[in-house]
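The values are calculated or read from the model by the stated rules, or taken from the named source; none is laboratory data. Here the structure is a predicted model, which means the values were calculated and not measured. FYI the Cβ positions are ideal-geometry reconstructions off the backbone, even for glycines, and counts take in every protein chain you see.
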């Protein structure tokens, strides 16, 4: 593996060390290719998008009925109404969906592993259309998902329909890849208006042993490889990065690319190991390459939060947010409920990175933080709790009904509505957004358009939050989120942080939710080499008593339109490695599942029948494997739909939030 090759991106000339700090975040310095938009801000502006969405080109979305391609996904992101599943007997969509506010940017990240097989099985003129596997793909979606899709994704071997060496799928996949590029390039607004940015992208989908190793792969420009890596030609993350280096970064074509870690909570604790295996040796070369090729982590999406897990003993009550009860894809596919596994969360990576830096001199896990939807109906950015359409990616789970009352919920209640990626960029262009991710000046939200900003330095004045020059002083006297604190100016100096957040204003008809608190999460290596974590509420009145009336989903209590606090780490030890990131929480609101149950008329205080089975108990939840022989709709039990609404194995309310990329300190 070749490491250390430079990448042409803002503030990312990675010569002898990939962590060389750029002066004060380089605010005001115009990167290559940036500056053609009318709306240009040298001090950067917040932009919201979704770098994780699937269309009909993805096998799981296709099997679940999605017939909309990348072009429609980009139309949706720009604010256009689209038809979505399910369809009636005549092929007419029974639902429509539209964003109240368009996104600034998006990327269709369809699974490259099955570009060819989906195309062959859906094309009547293809060489494989009549193959038994293709027939099952069209007639038995649930069976095809379990017997065709999962085994080949886990093993990295081509399905039989692809030919002896996979040649038929490889050729068909090339045509699909060309169309993926065309769709992204057509949607990308290169005029001075810069109304919308779309990226050429795909998802590399390998799941050895059922453990998620997936990465979303995003290119900086229209210059991309002729063939994307997939688990058939690159079975390990290292092989995928090498292909991207050979065919893109080092190819001399001007190509540049990043990979984004996704759903690390579904890796059974293996995501931050080499090739997902604990016994493979680590070395500085591998760690440097991983840091360069994988600068960002998806901290939240529809399949749960990857920040931290309350059930694993995290000393943080807010780590219980949207905790997904499946340790990996095998458990998810078979619907076997299980506890999260330590080692698969962002805080695990941040702590592990400091240990590796101590031992090898390189921290591969100084991740930029983003979030996404992982939507599977060509619907990027569809994150509203009041209008959740379902995930649409697993035919073996809940099927959307034409009559909502018949089904109760549009999705398995464990699934969330997804999040958004936020960047601080000079303008809404491919180059500026890509560079923001490489620079790590990013944040993620669980859906709302909360705007957080985070600076650290050694000399911010006490009244900085009251100054109109907060942003410029933030850069001039320190560093923004994602960067490393400069050297301690004197032995007595302690770091000073500026934590700012603005609530999502919402729309005229649907105002946003006030903010409740701003928190700074600090992690450090203590003198014994152990990772420690502390959460500090920097909002004085954080416990504001806000709540929700679950009978109506009306919010109760007051909050803040914006918050800004200057915080000094009085416990700072200059000999200890540390990281700090910002977490911003809204007041509590109703979760999507509760909203749908109320809308569908379920009266949980007066159910039609009595509960007397563990299979309908909220502790067990609706574990359809353990309870396969128990029908919750029997006359002596709650109906299954009542159980979903009245005994959900999830929290009834949530506190939507935003997370920033960490700021790092190295002795």
Go through the range 330-343 and give me each residue that's farther than 14 Å from residue 415 by Cα and in contact (Cβ under 8 Å) with a residue 60 or more places away in the chain. 330, 331, 334, 336, 340, 341, 342, 343
Restricting to the range 499-519, give me the number of residues that are assigned to a strand (DSSP E or B) and either in contact (Cβ under 8 Å) with a residue 60 or more places away in the chain or exposed (fewer than 14 other Cβ atoms within 10 Å of the Cβ) (or both). 10
Which one of 93, 113, 119 is more than 19 Å from residue 203 (Cβ to Cβ) and either in contact with a helix residue (DSSP H, G or I) (Cβ under 9 Å, 6 or more places away or on another chain) or not assigned by TED's automatic domain parsing to the domain that holds residue 479 (or both)? 93
Report, by residue number, each residue of the range 192-202 that is touching a helix residue (DSSP H, G or I) at 6+ places or on another chain (Cβ under 8 Å) and either within 19 Å of residue 332 (Cα to Cα) or surrounded by fewer than 24 Cβ atoms within 10 Å (Cβ to Cβ) (or both). 196
Applying the selection to the range 86-122, what residues are closer than 20 Å to residue 384 by Cα and surrounded by 21 or more Cβ atoms within 10 Å (Cβ to Cβ)? 103, 104, 105, 106, 107, 108
Residues (modelled with pLDDT of 95 or more and loosely packed, with under 14 Cβ neighbours inside 10 Å) located in the range 468-488: 468, 469
If you take the residues in the range 583-605 that are touching a helix residue (DSSP H, G or I) at 6+ places or on another chain (Cβ under 8 Å) and part of a loop (DSSP other than H, G, I, E, B), which one is surrounded by the fewest Cβ atoms within 10 Å (Cβ to Cβ)? 601
Give me a count of the residues in the range 541-582 that are farther than 24 Å from residue 368 by Cα and assigned to a strand (DSSP E or B). 7
Condition test on residue 523, is it touching a strand residue (DSSP E or B) at 6+ places or on another chain (Cβ under 9 Å) and over 18 Å from residue 465 (Cβ atoms)? yes
For residue 455, indicate whether it is in contact with a helix residue (DSSP H, G or I) (Cβ under 6 Å, 6 or more places away or on another chain), at pLDDT 95 or above, outside any loop (DSSP other than H, G, I, E, B) and crowded, with 19+ Cβ neighbours inside 10 Å. yes
One residue is enough: does the range 58-80 have a residue meeting the conditions assigned to a strand (DSSP E or B) and buried (at least 16 other Cβ atoms within 10 Å of the Cβ)? no
If only one of 599, 530 is modelled with pLDDT of 95 or more and farther than 26 Å from residue 471 by Cβ, which one is it? 530
I'm told residue 475 meets every condition in (1) in a helix (DSSP H, G or I); (2) within 25 Å of the chain's Cα centre (by Cα) except one. Can you identify the failing condition by its number? (2)
Cβ contacts < 6 Å: first residue under 11 Å from residue 174 (Cβ atoms), restricted to the range 218-229; second residue assigned to a strand (DSSP E or B) and at pLDDT 95 or above, any location; separation 6+ or different chain. Result? 228/202
Complete set of residues in the range 535-568 that are free of Cβ contacts under 8 Å to residues at least 24 places away in the same chain and within 15 Å of residue 582 (Cβ to Cβ): 537
